[in-house]
1. Report the full-extension gain for the segment A:Asn63 to A:Glu117: residue separation times 0.36 nm, less the Cα-Cα distance, to one decimal in nm.
2. With a Cα-only, solvent-free Debye model of chain A, what are the log10 I(q)/I(0) values at q = 0.08, 0.09 Å⁻¹?
3. Towards the positive end of the charge dipole of chain A, with charges on Cβ (+1 Lys, Arg; -1 Asp, Glu), say which of A:Tyr265, A:Tyr407, A:Val302 has the farthest Cα.
4. Take the solvent-accessible surface of the protein heavy atoms, probe 1.4 Å, and return the percent of it on chain A that carbon and sulfur atoms account for.
5. Round to the nearest 0.05 the FRET efficiency obtained for A:Glu416 and A:Ser100 when R0 = 60 Å and r is the Cβ-Cβ distance.
6. Arrange the peptides A:83-90, A:145-152 so that the one whose residues have, on average, the most other Cβ atoms within 10 Å appears first.
7. Work out the count of Lys pairs in segment A:418-488 where the Cα-Cα distance is under 16 Å, with the pair 8 or more places apart or on different chains.
8. Given Cβ point charges of +1 (Lys, Arg) and -1 (Asp, Glu) and nothing else, what value in debye, to the nearest 20, does the dipole of segment A:418-488 about its Cα centre take?
Amino acid sequence: MAKELTTRVENYSQWYNDLVIKAELADNSAVRGCMVIRPNGYAIWEKMQAQLDKMFKETGHVNAYFPLFIPKSFFSREASHVEGFAKECAVVTHYRLKNSPDGKGVVVDPEAKLEEEYIVRPTSETIIWDTYRTWIQSYRDLPILVNQWANVVRWEMRTRLFLRTAEFLWQEGHTAHATREEAITETEKILDVYADFAEKWMAIPVLKGLKSPNERFAGAVETYCIEALMQDGKALQAGTSHFLGQNFAKAFDVQFLNKENQLEYVWATSWGVSTRLMGALIMSHSDDHGLVIPPKLAPTQVVIVPIYKTDDQLKQISEKVVEIMAALRSKGITVKYDDRDTFKPGWKFNEHEFKGIPVRIAIGPRDLENGTVEVARRDTLEKSVYQITDLETKIEHLLESIQQNLYQKALAFREENTFKADTWDEFKRILDTTGGFISAHWDGTPETEQKIKDETKATIRVIPLNNKQEEGKCIYTGNPSKQRVIFARAY
RNA sequence: CGGGGUGUAGCGCAGUCCGGUUAGCGCACCUGGUUUGGGACCAGGGGGUCGAUGGUUCGAAUCCAUUCACCCCGACCA
């Protein structure tokens, strides 16, 4: 399998598309805008899921499952919510097919029209809050801390594998609280979980903060987010956590009796990350040689390639490899032995490099004599010879150091590509040259943000938490501003 | 949804303008042999309703119409 990969400088977006397909992470499907996630890609998603799920459970959440379909009328209950999603909803109108009168295939049976149409969930707030009404009577029923792993559908006009697909996989947390403070605390707690996951597991540094009103979730009082910077200088929203206030409780009449025996509306949050994280992972670390996957999320962390001329040599090497694998596994390292006889070592090297396996061990007759192996790390492409003694500890440390290095590299990149702009010319020049995050003053009005977007395609990605307050002048209008916010062009 | 581009073997392409034997090439695939520490070599071989549908024609990958998918740019959106 010859893998020709467009280079990043040549065409970043083509590089990404090529990589996703050639590394067999995902394919386009027969359904417009929907992808097939292939085993290589799904294995990474499963590792993300497992870790996130663990973190949700550790913070007191439980999993549940709500229906794929939502009665259409539910949607109109919360005004800004319907406004945000109406334009991208798939609608189910019938429940039956019948043989076509002309004998060719099947047609929708007009007799089987639904009384009330269903929409395919673009997110589940409405169906969940309709359900919560029946779960909640008293403050003793609170909080409810539920998460669901699900697919959702948003009928996007322009799609890209993982980054924006019509159907995607995600988790959505939906919590209900007795007080505003508790709900806000929950929203922020989840934001920390997301940021932690992004940095420690995906090795992607993220900015934590608030969205501007323009970028806020439809139906939220406040949207918190983590925002990452990709190698082409564009920002990617990697996760959002919403403080929903009492908007959905009011729309779905969810009230509880407090300790003083008074009825109050419930306070809500919702939060999610999706398969879009796969896109973030790919674009953050990978290079012109193919995928680079941080060890903590790599389905296979170590691959062993034997180098031999004769069957006898292979046999001797394999005996050694069995020992090495057992030792590595004792440290919890996932390892594969690539002893396929149908490919040459050089071919395998390239293949595993392309697929992003963090560490490759090569072992041949020379190594058997010397008690060594050749170890290559994917992040730097460096090769070195290791004594086989205590190899599992050395590899364990190597994996940790790769994980660290990827994070440090991404962090350094972000720092090199975060700029302060104090004039409009400077602002535009940065966008047109390097891209990246731009820290600039903004007068705080949605109108100004919109105008900046119209002229430059840049939006406010995040208003950092605990943002430094400083007097300044809006980059666009020159009106007084109290703080800098982060602008960028975004995915 | 608007503008542009591309659909020919698993992948990448030529052939289309100017219709005419059996539709080619590279990689991949299969068989045999030699090989194996960074994508091996030689020989032989298999694989195509030319995106789909309809039309023009004695004859269509090629001309016409419709349609579908994908890519790029815009609009929309998170």
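1. Values: separation 54, 0.36 × 54 = 19.44 nm, distance 2.76 nm.
That works out to 16.7 nm of additional length.
2. Calculated log10 I(q)/I(0) at the listed q: -0.60, -0.74.
3. Towards the positive end, the residue furthest out is A:Val302.
4. Working: 11530 of 22950 Å².
Using a 1.4 Å probe with all protein chains present, chain A comes out at 50 percent carbon and sulfur.
5. Numbers: r = 61 Å, r/R0 = 1.02.
Efficiency computed from Cβ-Cβ geometry: 0.45.
6. Numbers: A:83-90: 15.0, A:145-152: 17.8.
Ranked from most to least packed, the peptides come out as A:145-152, A:83-90.
7. Lysine pairs meeting both conditions in segment A:418-488 amount to 9.
8. Numbers: 11 positive and 11 negative charges, 44 e Å.
With only Lys, Arg, Asp and Glu charged at Cβ, the dipole is about 220 debye.
The values are calculated or read from the model by the stated rules, or taken from the named source; none is laboratory data. On a predicted model such as this, the values are computed, not experimentally measured, just so you know. Virtual Cβ from ideal backbone geometry, glycine too; neighbours counted across all protein chains shown. For the accessible areas, the whole protein counts, side chains as well, though only heavy atoms, and no ligand, DNA or RNA atoms are used. Shrake-Rupley method; radii C 1.70, N 1.55, O 1.52, S 1.80 Å.
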